[in-house]
Amino acid sequence: VFTTNNQNKERTKKEQKRTKRRIVERVCVVCSFIYFIHFKVLKKKQNKGTKKMADDIAYSLKYSDDTHEYRHVILPRRIAKKIEKEPRLLSETEWRNLGVQQSRGWVHYMIHNPEPHILLFKRRLQQVN
C-alpha cells in the first residue's frame, strides 16, 4: 500500500490534534486535582478560626529601656488586611480579637506607616524595691 504526500500530511495533522487533545485532557485533570486540593482541603484547614491565624503570628523577643519593655508582633497578610485600610492604635480587645496573644499590660503604642502589619507594643517595667 502506497500513500501520497497529502495523505501523510493529513495523518500527521490528525496525530497532532490527537496529541494536543490528550495534553489538554491531562492538563484539565491536573487542574481539577489542584482545585480539589486547594479549595477543598486547604480551605478547610484555613477555616479553623483564630487558632490557625494565631499560629501564623510572629512575636519578637522583648527589648527594654529604663522605663518600658517593648516587643513587636508581625501579622500575616490576611490578618493585616483587616487593619491596613485605616491604620490606628488598637485597644487590647481589638488586637486580641485579631489573634495576638500576650500577657496583660501590653499597649499598642505606635504605628510604623511603611509596615502597618507590624504592631509595636510596650509595657511599663515593674520596679522591684
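From (1) of a type outside the set (Val, Ile, Thr); (2) modelled with pLDDT of 70 or more; (3) part of a helix (DSSP H, G or I), pick out the condition that doesn't hold for residue 32.
(2)
Consider residue 56 carefully, then state whether it is modelled with pLDDT of 85 or more, open to solvent by less than 90 Å² (accessible area, probe 1.4 Å) and acidic (Asp, Glu).
So residue 56 fails the test.
Out of segment 92-113, which residues are loosely packed, with under 11 Cβ neighbours inside 10 Å and either within 15 Å of the chain's Cα centre (by Cα) or of a type in the set (S, T, N, Q) (or both)?
Listed by number, the residues that qualify are 93, 103, 113.
Going through segment 94-129 one residue at a time, which ones are basic (Lys, Arg) and within 15 Å of residue 57 (Cβ to Cβ)?
96
The values are calculated or read from the model by the stated rules, or taken from the named source; none is laboratory data. Everything numeric in this text was worked out from a predicted model, so none of it was measured. We place every Cβ from the backbone using ideal geometry, glycine too, and count neighbours over all the protein chains shown. Just the protein is used for accessible areas: all its heavy atoms, side chains included, with ligands, DNA and RNA removed. Shrake-Rupley method; radii C 1.70, N 1.55, O 1.52, S 1.80 Å.
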